[in-house]
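Notes follow once the structure below has been shown.
The values are calculated or read from the model by the stated rules, or taken from the named source; none is laboratory data. As the structure is a computational prediction, the values presented were derived from the model and not from experiment. Here the Cβ positions follow ideal geometry from the backbone for every residue, glycine too, while neighbour counts run over all protein chains shown. Side chains included, ligands, DNA and RNA excluded: accessible areas come from the protein's heavy atoms. Shrake-Rupley method; radii C 1.70, N 1.55, O 1.52, S 1.80 Å.
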Amino acid sequence: MLDQSQASSSSSAAPHLMHHYPTYPQSTSNMGGQAVQQRMDPFNQIPPDLYGSTSSSSVAASIRPPQMQGQYRAMPPDMGASTSMQQQQPMDIYDNYGNASTSEMRRSSVRGDPRRKEIYSYNAPFTLFSHGWSAATDPSRKFRLAVSSFIEEYSNKIHIVQLDEDAGELVHRSSFDHPYPATKIMWIPDQKGTFPDLLATSGDYLRLWRIGTDNNARIESLLNTNRTAEYCAPLTSFDWNELDMNLIGTSSIDTTCTVWQLETGQALGTTRPTAAIDGTVRTQLIAHDKEVFDISFSRGSAQIFASVGADGSLRLFDLRRLEHSTIMYEDPQRQPLLRLAWNRNDHNYIATFGQDSKEVLILDLRLPCTPVARLRNHEATINGLSWAPHSGSHICTAGDDYQALIWDVHEMPKPISDPILAYRAQAEVNQIHWSSSFPDWISICSDNKLEILRV
């Protein structure tokens, strides 16, 4: 189990992507008495849709009218949420439904600190994809994010950035090497600061990194889901259990989900606060008929998780009864489901979207098989979604139409026609996250830019 005392020593891919990446070493497995070679290159096996539109965003941004970039506006009830570039006008995030204002960042006099901006951005020297918020709230570690490069080769980077409120900008704190682009980045969901300051990444393996007080990272553990070979099938995603932070679940292209039990590796009776953290497989199961693309633990029970995959199904699992799973939804055309997000407050609701889809489906687990809501205002492929941490009726979505949209779904199952806020970025938005510790803020990645937006 994770030792809380350790905290005292440290505070801390779209269809057009080309597959010309270097390959992992090959391993063999025995299937039906025959040795089968398995290529371990994640980019030849993970559907490029999972990476959003990372390789084309700079091209798209270059042909986009510059006056339409970087706008955040409230959606009037009678306007709808049209994302047509010809129709949108520059609006401020807190503009009163149509009063013209500049689209530049301005100092807010609407609420809070008048010196605080509504949008902060960090420009990296490479295309960005995965990112995640730190849950820490103490002064030295608050407003930190980790973000991964998307470089089409083995050597990639993770940057740790932080909001410097005095300077009024997101500043680079540290960086470290990462093999291949990370498919997901997630900090330990520990708001109280009682656990070590850990960061997890997925790709060829699940890696745990310990972040020091200077924000530098060192590898803490490399977890291989393949019990019989040195190399494992590429991981598409993972989730850190918020109710039991000793559990991490991973999803893989080999059709399995694996739940890891984290261990400190600390010998009984020792007091070393920096003892290495390792993990053992609590359970591994064949979760889908095809590749598994995402996994998420319920915020209502530490024992329940859901997954989606290439077979077009969303399935529910209980760690106490793994002899069977429950299919909660199947796409009528068996189109792959790429991502899912569990409502953080009302645990009956899960949102998901499919490959090349322009709509988000919201499912009520009490009424399986039929979505209770469809969010349809995106005009291009959706890449990400995230529920609000403080409200069971708000969700944000993002996609290739350069948009991040925030929706109020409290009237489900009545049709949800329009979002309540819309932000237009400068390129396709590859990921979106709603900060769990700072619920006034969401973050997006587009092209080489990380932005945090005050909502």
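Model label sites at K192 and R218, defined 7 Å from Cα along the beta-carbon direction, differ in position by 2.7 nm. Extending 7 Å from Cα along the Cβ direction at F126 and again at Y154 yields two label points whose distance is 1.4 nm. Using 0.36 nm per residue and subtracting the Cα-Cα separation, the extra length available between R374 and I420 on full extension is 15.0 nm.
Quick check: from the Cα gyration tensor, does the range 369-440 come out rounded (a/c under 1.5), prolate or oblate?
Values: a/c = 1.86, a/b = 1.16, b/c = 1.60.
Judged from the Cα gyration tensor, the range 369-440 comes out oblate (a/c at least 1.5, b/c at or above a/b).
Residues in the range 276-313 near a label at R227, defined as backbone nitrogen under 11 Å from the 7 Å Cα→Cβ point? From the range 276-313, the list is 281-285.
Counting only heavy atoms of protein chains, what accessible area per residue, in Å², does the range 157-212 have with a probe of 1.4 Å? In whole numbers, the range 157-212 has 29 Å² accessible per residue. Which FRET efficiency, nearest 0.05, do N345 and S174 yield, Cβ-Cβ r, R0 30 Å? Result of the calculation: an efficiency of 0.35. Put the Cα centre of the range 298-376 next to the Cα centre of the range 200-260 and the gap is 22 Å. Nonpolar atom fraction for the range 354-455, defined as the carbon and sulfur part of the 1.4 Å probe accessible area, stands at 47 percent. Per residue, the range 277-406 exposes 36 Å² of accessible surface when a 1.4 Å probe is rolled over the protein heavy atoms with every protein chain present. Among the trypsin sites (Lys or Arg not before Pro) found in the range 376-455, those both in a DSSP coil and sparsely packed, with 16 or fewer other Cβ atoms within 10 Å of their Cβ, are R376. For the peptides 174-180, 131-137, 360-366, the ranking by packing is 131-137, 360-366, 174-180, with the highest mean count of neighbouring Cβ atoms within 10 Å listed first. As a fraction of the 1.4 Å probe accessible area of the range 109-195, surface on carbon and sulfur atoms comes out at 45 percent. Pull out a ≥ b ≥ c, the square roots of the eigenvalues of the alpha-carbon gyration tensor of the range 323-378, then state rounded if a/c is under 1.5, prolate if not and a/b is larger than b/c, and oblate in the remaining case. Verdict is oblate for the range 323-378. Taking 0.36 nm per residue of sequence separation and removing the Cα-Cα distance, the D289/Q261 pair yields an extension gain of 7.6 nm. One decimal place: the segment M412-T326 gains 28.6 nm when fully extended, by the rule 0.36 nm per residue minus the C-alpha distance. Would you tally the net charge around T127, using a Cβ to Cβ cut-off of less than 14 Å, leaving T127 out, and scoring K and R as +1, D and E as -1? Neighbourhood net charge equals -2.
Please enumerate, by chain and number, the lysines with C-alpha under 28 Å from the C-alpha of K358, excluding those fewer than 8 residues away in the same chain. Within the straight-line limit of under 28 Å, K358 reaches these lysines: K184, K290, K414, K449.
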